[in-house]
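Trainee: Quick one: structure below, then a few questions.
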Amino acid sequence: MAAAWLATAGPAAAQPDPIVTAAQGYELRLMGGGLASGRRGLHSFPVFQFGISRGEAIRRVTALRGPAAATGLSPACGRNPLAFARFGTLTLYFRGDRWVGWSLAGPRGRRPIESEWDVGIGTLRGHLNNMDATDPVIRRTPRGTEFEAEGMNGLLSGPGPRARVTALWSGRTCRRG
């Protein structure tokens with residue numbers, strides 16, 4: 001009888017990554033194309049990428065940072081507003097029921113959110129070169145000195161070597177420039 005059950009069971013269904021919590025020692029991490037969690041000194045896992053449902057994205061961030069402080073539609077998006085959920089200095093953006101982007105603004109919080117490579121608000125420009133990828137692209141824009149690295153974009157406090165990261169974002173957000 002067991003053999004018949006095994007024959008009809010088919011391949012194992014893919015299991016979703018676990019939802020981990022701050023109480024378990026995990027921290028939220030920035031990444032291009034989504035967010036991740038991980039324990040200090042270890043690689044990021046689980047990773048959650050853009051395209052997951054709004055509910056799943058909010059559950060995952062809430063487990064690591066606490067409940068959203070604000071939700072709504074962003075008036076800065078103009079005629080195609082994105083829904084948002086704000087967790088302190090981190091904002092998640094949604095189009096319909098899908099998570100499409102995030103942004104992080106300063107000042108650096110009591111529990112800072114950074115990438116696996118320690119890039120976050122306040123990071124020195126020179127540290128951007130320590131990321132595990134190609135060198136960052138840095139350029140002047142109407143908003144100021146911007147950079148792109150590892151699928152993330154950001155603003156620097158100025159053009160010089162002592163400039164610091166003042167904002168970060170990835171995916172679809174309401175930034176204009």
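The values are calculated or read from the model by the stated rules, or taken from the named source; none is laboratory data. Keep in mind the model is a prediction, meaning the values are calculated, not measured. So basically every Cβ, Gly included, is an ideal-geometry build from the backbone, and we count neighbours across all protein chains shown.
Trainee: Taking the options L64, L42, name whichever one is in contact with a Leu (Cβ under 6 Å, 6 or more places away or on another chain) and outside any strand (DSSP E or B). Lay out the reasoning, then the answer.
Mentor: Working: L42 fails: in contact with a Leu (Cβ under 6 Å, 6 or more places away or on another chain).
From the options L64, L42, the qualifying one is L64.
Trainee: Considering only residues that are surrounded by fewer than 18 Cβ atoms within 10 Å (Cβ to Cβ) and on the phi > 0 side of the Ramachandran plot, which ones fall in the stretch 133-157?
Mentor: Those that are surrounded by fewer than 18 Cβ atoms within 10 Å (Cβ to Cβ) and on the phi > 0 side of the Ramachandran plot: G144, G151.
Trainee: Among the residues of the stretch 92-145, what is the count of those that are assigned to a strand (DSSP E or B), closer than 13 Å to T166 by Cα and under 16 Å from the mean Cα position of the chain (by Cα)? Explain how you work it out, then say what you get.
Mentor: Taking the stretch 92-145 first, the residues assigned to a strand (DSSP E or B) are 92-95, 98-105, 114-115, 120, 124, 137-141, 144-145.
Subset that is closer than 13 Å to T166 by Cα: 103-105, 114, 120, 124, 144-145.
With the extra rule that they be under 16 Å from the mean Cα position of the chain (by Cα), the set shrinks to 103-105, 114, 120.
The total comes to 5.
Trainee: Would you confirm, using the coordinates I've provided, whether E116 is at pLDDT 90 or above, within 14 Å of G32 (Cα to Cα) and surrounded by fewer than 18 Cβ atoms within 10 Å (Cβ to Cβ)?
Mentor: no
Trainee: When A85 is evaluated against the numbered criteria (1) modelled with pLDDT of 95 or more; (2) under 23 Å from E150 (Cβ atoms); (3) buried (at least 20 other Cβ atoms within 10 Å of the Cβ), which criterion, by number, is the only one it fails?
Mentor: (2)
Trainee: Considering only residues that are assigned to a loop (DSSP other than H, G, I, E, B) and over 15 Å from G171 (Cβ atoms), which ones fall in the stretch 67-91?
Mentor: Filtering the stretch 67-91 for residues assigned to a loop (DSSP other than H, G, I, E, B) gives 67-69, 74, 78-82, 88-89.
Result: P67, A68, A69, G78, R79, P81, G88, T89.
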